[in-house]
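Working notes, structure below.
The values are calculated or read from the model by the stated rules, or taken from the named source; none is laboratory data. This structure is a prediction, so every number in the text was calculated from the model and none was measured. So basically every Cβ, Gly included, is an ideal-geometry build from the backbone, and we count neighbours across all protein chains shown.
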Amino acid sequence: MTAPALRPIQLPDHWTPAQALAAFELIDLLRDQLWLAYGPAIQRAMRDDRLPHNPVQSDTDPPF
């Protein structure tokens, strides 16, 4: 699994601090619930995404 390219998003600039806090708390709650439901799978996907994707050479393969 490869992480998608980051795309800038346009955040509303008219929110009050209370509205921004509500959105932040919602995202935080969503993150917690995703972790509870999929934590081990998320860890595996993150680990797999960070491992080098070079095939392992066998002892019979020449080193060049």
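Please tell me if Arg31 is at pLDDT below 95, out of contact with any strand residue (DSSP E or B) (no Cβ under 6 Å at 6 or more places or on another chain) and in a helix (DSSP H, G or I).
Here the answer is no, as Arg31 does not meet what is asked.
For the stretch 42-54, which residues satisfy the criterion of being within 12 Å of the chain's Cα centre (by Cα) and exposed (fewer than 10 other Cβ atoms within 10 Å of the Cβ)?
Result: Arg47, Arg50.
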